[in-house]
1. Across segment 218-250, which residue is surrounded by the fewest Cβ atoms within 10 Å (Cβ to Cβ) among those that are of a type in the set (Gly, Ala, Ser) and touching a Lys or Arg at 6+ places or on another chain (Cβ under 9 Å)?
2. Given the conditions (1) at pLDDT below 95; (2) touching a strand residue (DSSP E or B) at 6+ places or on another chain (Cβ under 8 Å), and given that GLY263 satisfies all but one, which numbered condition is not satisfied?
3. So which residues in segment 121-136 are farther than 15 Å from GLY43 by Cβ and of a type in the set (A, V, I, L, M, F, W, C), if there are any at all?
4. For segment 269-286, how many residues meet the condition of being touching a helix residue (DSSP H, G or I) at 6+ places or on another chain (Cβ under 7 Å) and surrounded by 18 or more Cβ atoms within 10 Å (Cβ to Cβ)?
5. Can you find, within segment 108-149, the residue that is modelled with the lowest pLDDT among those that are of a type in the set (D, E, K, R) and in a strand (DSSP E or B)?
6. Is there any pair with a first residue in segment 402-429 that is farther than 23 Å from LYS372 by Cβ and free of Cβ contacts under 8 Å to residues at least 40 places away in the same chain and a second that is acidic (Asp, Glu) and in a loop (DSSP other than H, G, I, E, B) whose Cβ atoms are under 6 Å apart and which are 6 or more apart or on different chains, and what are they?
7. Among the listed residues GLY48, GLY44, GLY141, which satisfies the condition of being more than 27 Å from the chain's Cα centre (by Cα) and on the phi > 0 side of the Ramachandran plot?
8. Show the residue pairs meeting these rules: Cβ distance below 8 Å; 6+ apart or different chains; first residue within segment 370-381 and hydroxyl-bearing (Ser, Thr, Tyr); second residue part of a loop (DSSP other than H, G, I, E, B).
Amino acid sequence: MKYVLSLFAVLLVSCGGPIYESDTSLDQLPLIPRPQSVISELGGFGYGSNLEVITDNQELADLQAFIPVESSLENSSGPLVLSLGLKHPSPEAYRLSINRREIRIQGASPAGVFRGIQTLRQILAASNSAPQQPIKVLPLGVIEDWPSVSYRGTMLDVARHFFTVDEVKRYIDQMAQYKINTLHLHLSDDQGWRIEIKAYPRLTGIGAATEVGGGSGGFYTQEDFLELQAYAAQRFIQIIPEIDMPGHTNAAIVAYPELNGNGKTVSPYTGTAVGFSTFDARNEAVYTFVNQVVKELSSLSTSPYFHLGGDESHVTSKEDYLYFVERVGQIIRTHQKTPIGWDEVAQTDLGPGSVAQFWASEKNALAAVDKKMKVLMSPAKKAYLDMQYDSLSPYGLHWAGYISVQDAYNWDPLSYVPGLDADQILGIEAPLWSETISDSSGLEYLAFPRLICVAELGWTPQSLRSWEDFNRRLTEVSYPGNKSSK
């Protein structure tokens, strides 16, 4: 019955239905990330108010919520067909074809169909209305597309400043538009603890009450985390929780002073300095605590990864640091998760398959692969979204340098570290630390359009990328934030 409807659409056109012509071609539209292959054809498809969506299973039917409804008064040229069955090694691969009779998105999985829908949304936004008629006309052609790397992410620091559930959802929606598939949440730091742990209620009762600059802080209940996770999963985005340790732990230590390892009296902290706090690596109560935190979060999280932090532990002795990270890595594996840590963890033996997130030390990145770890590319000089664009930027820092939009685009995550092979790289992630921002306005200023650069670096192979072409497309699309100030 479904495909009888498609046949009806063919007959409608052949029996004198509207014939549309597009005034542009598919390969000239400002699609971001740039697809792997675009073949243009002559003609047009009228995208009208009666567009029928045809699917062959319930999971694809659920994706109808993400398909924009054109408010024209004209009938559509035919249906939009969503289907599976595309043969491709990447589950995010899709084939989008537009002819005079139908639009068809075929995916290697539902995630692939969803990525194809995002491309369709961009095509619709870039297409013009038909002359004298209130209907969008889409150019005809075929897009074959898949990502270069499987992990394409951004990190949001909700510890320095807290972001509400609605603000995080807004960011998730923006990520999805550009085919980002991972949100790494930095849930704890010196300034605040942001996730409910039922066995340790003072973490949120005391540790969540502060943030940079003296604000009131905040935290997510476990139900909030599940809500965010489900919201992201509907957009085929995983959420990776991070509990930073043994440093960056002042908020936890204020709540539970017995965890303290620096020998000094602790108090709530609202500044931005780093490196002064540490858990006591030789105290068994610390590992009881860590085990419970990892257990509760792992029971909530559907991601295969758990981020243990591990950066800037300046007051932890080298011996204690190695002992602590390796022991926490074992705890994480006990709860069926794969450990990720900032690149300092490459000094330890976290085991094959664990991940070092390269942000500062190329030496650590190379040491990680020597230990059969994967490397996640987040070089601060290129990928840190919290760096200022220039000296006039009202938000951000510049300890790693200024990062213009061109700087954020002009590098290759698969060749950035000499000696690191592409098959040793898990993917790319753009961290957004929140010392200088506290709401969606500041977040969007720093993230966009540089997150869009990162999205293309992770999706489109270097052979198809050029700054001139990307900049042309970027100037033709709208995105969050104050575009004119960049």
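1. The qualifying residue surrounded by the fewest Cβ atoms within 10 Å (Cβ to Cβ) is GLY218.
2. (2)
3. LEU124, ALA125, ALA126
4. Of the residues in segment 269-286, 6 are touching a helix residue (DSSP H, G or I) at 6+ places or on another chain (Cβ under 7 Å) and surrounded by 18 or more Cβ atoms within 10 Å (Cβ to Cβ).
5. This residue is LYS136.
6. Final answer for the pair search is TYR402/ASP390.
7. GLY141
8. From residues that are hydroxyl-bearing (Ser, Thr, Tyr), the pairs are SER378/TRP359; SER378/TYR384.
The values are calculated or read from the model by the stated rules, or taken from the named source; none is laboratory data. Being a predicted model, the structure only gives us computed values, none of them experimental. Cβ sites come from the backbone with ideal geometry, for glycine too, and all protein chains shown count toward neighbours.
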